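The values are calculated or read from the model by the stated rules, or taken from the named source; none is laboratory data. Keep in mind the model is a prediction, meaning the values are calculated, not measured. Backbone-built Cβ (ideal geometry, glycine too); neighbour counts: all protein chains shown.
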Amino acid sequence: MALKDIIGQEKALKVLKSCIVKNRIPHALLFAGDEGIGKKLTAVNFAKTINCLKGGVDDLFSIGEEKNTGDLTMDQIDACDKCPSCVKIDKGNHPDVFIIGPEGDSGQIKVSAVRQLGESLSYKPFEGKWKIVIVDNADRLNQSAANALLQTLEEPTPQSILILVSSRPDMLLSTIHSRCQRINFTPLPLGIMHTLLEGKFKVPDRDQSMLLGVLSGGRLGYALNANLIKQRDWSFYVLKQMIKGAEEAWEDRDAMEEWFDWAQLWLRDIAVFGATGRTDLLVNQDMKDEIKAISRGTILKDVLKLAREFYNIKRQLYFNLNRQLTLNYTSLLLKKMLGKSNC
């Protein structure tokens, strides 16, 4: 896979390719946008492109010199996807390209990993033109790790690039944010999503392609997840069970975070139907009867208050909330706000 295979992020790719053509690549980049939108995929293929041996950019770089060449067009700036460098990066064993992310039960990026990458960046590239570190889910840096990363950003080494990938850039320290060039990744319009799902990705049923497009929020990576609709159905089942006072709901931290994202979608549909009585405005139109049932007896201001509470809980999850206490509190809120519904 190469940059040409990244769908729907033309603005972001144009910025990156322009940096390559001018040989003015920032030492720190922040790829910001929703989950499942292609940020990490772009980061990996950007690393492949600037270290590619045959993709047309190998002779372009002269470190430290600004160069704007007419010999290469934007379309030619890409990875060949076949040379030894591209293959190694794809396999995750290139000596100059590193990817770190959250680890362990805490779901955080630890200071030891950041210090290790800082040490790696202090050396010159071993094989490629550039040393590149991709920090996936950079908003999960714990305090010590964030401070260590800040030091790396303040003392950049030549021929090194740090790419932070985050769907919650507001959770990063402002001092980290200010030292990175931010590149935004945006969801695809629903019309383009439907066309891609039906045409390029051969989703056979139009209703299903429309549902996938809406559920994914224009995030192609999510829409192509084979379990997306099953996950949606699971989240509604858990919602109903928690209203009834379920003692168990989430298997682990990841499931808990995922459920709160889905819960906001359900509350959105409940509020919309409660305010308008219209099912054509629902995201989950295939479950309109279930939404009608759960909306009966609810008060709109309670649903909106519940949505705000869930948003606050989701933010607090990054500070390692106790799973059982979170379940008890969430169930209590649901029974109080939606307990009169006929679910």
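Miscellaneous remarks
- Of all the listed residues (Asp289, Asp269), the sole one being outside the structural domain of Leu141 (by TED's automatic domain parsing), assigned to a helix (DSSP H, G or I), more than 30 Å from the chain's Cα centre (by Cα) and at pLDDT 90 or above is Asp289.
- Residues in segment 157-167 that are touching a strand residue (DSSP E or B) at 6+ places or on another chain (Cβ under 7 Å) and in a loop (DSSP other than H, G, I, E, B): Gln159 only.
- Any hit, segment 243-252, residues being surrounded by fewer than 15 Cβ atoms within 10 Å (Cβ to Cβ) and closer than 27 Å to Ala32 by Cβ: yes
- Considering residues of segment 84-110 that are in a loop (DSSP other than H, G, I, E, B) and under 17 Å from the mean Cα position of the chain (by Cα) only, the residue nearest to Glu127 (Cα to Cα): Gly101
- Among the residues of segment 236-294, those that are of a type in the set (Phe, Trp, Tyr) and over 16 Å from Thr326 (Cβ atoms) comprise Phe236, Tyr237, Trp266, Phe273.
- Among the conditions (1) at pLDDT below 90; (2) over 21 Å from Ile99 (Cβ atoms), the only one that Met171 does not satisfy is (2).
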